[in-house]
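Here's the structure we're looking at; comments come further down.
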């Protein structure tokens, strides 16, 4: 290998001494070529602004940050900051928004692009922030993402991109930044913790025997508080395992207690009996031996992805407007199923639109069978948003006509009423739009923005990162609309 490297260096040195070959003259050649000189000097300093096309998306990102977004929350956080002057927040935000909008989410890759990519160099004004500064800025200001998302949604509303006629709700699994090999089941945690404890005891006993022997031979000249590296490592692993084990136990107790309280409440029990029901179940709950926890990202959960495999993921929810596929509400959950997300997402719609100039609620919300339950239908009965949810396969005892006509039976259940509505001409026409509204958005985000996997870890941080992806998706919709207006 060393000989090959020396040969390459000698070959490169020889090339520097070789005179460039001039093209051979040809009797019939009359074509003149443009001058080509890689070492040409500029008489006037070049302008980066001249190197970027006028319609480049980076210009739209820059103009939006400069003119349309209120960044006071970000700037206010620097009022009490000490140390050297930081990079300009507008510049760092532009780099993040443009990077995420084109699928460059790695802070190291953004740093490289600031050297190699004209658009990134233009946004950074020829500065090159290191990847640590970029990562720290992203982590520090993720809390401002929700307000920025609301501002961009407001811009989409002003541009006429949000109509709030039909909207569609769906969820998609986003891979967590966690390996399946860095996880352990509850049953194995107990055994492994005991094994590590025995190993630590054996190492300590051996160290004590060595100390006694050395004291007898050399005298007592050791402090006695040195901790061998292998002990510190194993004790750290024991601590992590016990913490994960306690988290699994606490989660199982909370879940069982919540279910018991809900059951007691539905049975009409009073407040004291409802609380006692939860406490009683929590004290007797048995944790499943197969319950797992990941040590890289303990908040991630095993979920089945679209390809049929199982990975540590988060369930990303989004409500999308039909007119231009703008995301109007979004949320992250640790649950692999969607059934409990309908009501929270309808609340997210109200909260998200409340801070904008869009003064109306969607007319109709479409959702697939994963959101159907009797409780969901009851919870949304009096909501100002009409809901159309697929009921799944109709059972034999349920009476739903294939071509509904006339009045609905007085004794029809809520499931039968929804199934009947879905079989009407209008119901079929409305629900047929669900897939075309929301599913392309997930495809665009995962393909264009590389949003199929999170960079950050922990439930709180991935919540904000998903909002950042949704914000960039809406920015791309806004930019495309502006480009279309310029073309026409």
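Where a number appears in this text, it was derived from the coordinates with a stated rule and is not lab data. Note that the structure is a prediction, hence the values are computed from the model and not measured. Methodologically, a virtual Cβ is constructed for each residue, glycine included, from the backbone with ideal geometry; neighbour enumeration extends over all protein chains shown.
Taking the Cβ-Cβ separation of residue 90 and residue 435 as r and a Förster radius of 51 Å, what is the calculated FRET efficiency to the nearest 0.05?
0.85
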Going by how many other beta carbons lie within 10 Å of each one, how would you line up 331, 469, fewest first? 331, 469
If you rank 108, 175, 405 by fewest surrounding Cβ atoms within 10 Å, what's the result? 405, 108, 175
Taking neighbour counts of Cβ atoms within 10 Å as a proxy for exposure, in what order, fewest first, do 361, 418, 92 appear? 361, 418, 92
Label-to-label distance, nm, for residues given as residue 386 and residue 265 (7 Å Cα→Cβ offset): 3.0 nm
Which percent, nearest 5, of DSSP beta bridges in the range 291-450 are antiparallel? 70 percent
Taking Cα pairs under 8 Å and at least six residues apart, what relative contact order does the range 374-428 come out at, in percent? 41 percent
